[in-house]
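Have a look at the structure below, then the notes.
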Amino acid sequence: VQLQASGGGLVQAGGSLRLACAASKPTFSRYSVGWFRQPPGQEREFVAAIRSSGTLTHYADPVKGRFTISRDNAKNTVYLQMSSLKPEDTAVYYCAAAKMSGLALVASDYEHWGQGTQVTVSS
């Protein structure tokens with residue numbers, strides 16, 4: 001499955017952005033999907049994940065209460081709604097898909113990756 005991430009941009013601290021991850025295959029509904037990010041000069045880190053059915057989600061502690069992951073399987077798309085953004089949220093954001101029904105929480109669980117979208121939060 002091919003993934004296309006979009007929605008990044010420049011936003012002021014406290015603002016919001018919604019990222020989208022569109023998949024090329026209608027069987028996307030069978031995949032667990034995650035968002036990861038890579039801040040400048042740092043390693044890639046887990047942000048959020050949603051199981052294939054959309055009934056279970058998990059978030060990294062730094063984004064809990066501010067970010068919401070959701071999916072619309074009819075549109076083969078997963079979203080990451082980001083609110084109350086902070087400068088430390090600045091990173092390239094990647095979506096990834098794993099052919100499994102449960103949650104995938106580590107990068108090695110994912111077989112397919114999108115190209116990344118830049119999010120920059122100014123102070």
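Sort through T27, T90, T117 and tell me the only one that's in contact (Cβ under 8 Å) with a residue 24 or more places away in the chain, β-branched (V, I, T), open to solvent by less than 50 Å² (accessible area, probe 1.4 Å) and within 14 Å of V1 (Cα to Cα).
None of the other options fit; the residue is T27.
Restricting the search to region 61-79, which residues are open to solvent by less than 70 Å² (accessible area, probe 1.4 Å) and closer than 17 Å to C21 by Cβ?
Of everything in region 61-79, those that are open to solvent by less than 70 Å² (accessible area, probe 1.4 Å) and closer than 17 Å to C21 by Cβ turn out to be V63, F67, I69, S70, R71, D72, N73, N76, T77, V78, Y79.
Name the residues in region 47-60 that are open to solvent by 60 Å² or more (accessible area, probe 1.4 Å) and of a type in the set (A, V, I, L, M, F, W, C), would you?
Of everything in region 47-60, just one residue is open to solvent by 60 Å² or more (accessible area, probe 1.4 Å) and of a type in the set (A, V, I, L, M, F, W, C), namely L56.
Using the structure shown, decide if S101 is open to solvent by 20 Å² or more (accessible area, probe 1.4 Å), small (G, A, S), out of contact with any strand residue (DSSP E or B) (no Cβ under 6 Å at 6 or more places or on another chain) and more than 20 Å from S6 (Cβ to Cβ).
yes
Looking at R44, R18 in this structure, which one is in contact (Cβ under 8 Å) with a residue 12 or more places away in the chain, surrounded by fewer than 19 Cβ atoms within 10 Å (Cβ to Cβ) and either over 14 Å from the mean Cα position of the chain (by Cα) or within 17 Å of Q115 (Cβ to Cβ) (or both)? Working first, answer last.
Values: R18 fails: either over 14 Å from the mean Cα position of the chain (by Cα) or within 17 Å of Q115 (Cβ to Cβ) (or both).
One residue alone meets the criteria, R44.
Can you tell me which of (1) at pLDDT 95 or above; (2) not in a strand (DSSP E or B) is the one F28 doesn't meet?
(1)
The values are calculated or read from the model by the stated rules, or taken from the named source; none is laboratory data. In this text, all values refer to a predicted model and were calculated from it rather than measured experimentally. For neighbour counting, all protein chains shown are included, and Cβ atoms are generated from backbone atoms with ideal geometry for every residue, glycine included. Surface accessibility is based on the protein's heavy atoms, side chains included, excluding ligands, DNA and RNA. Shrake-Rupley method; radii C 1.70, N 1.55, O 1.52, S 1.80 Å.
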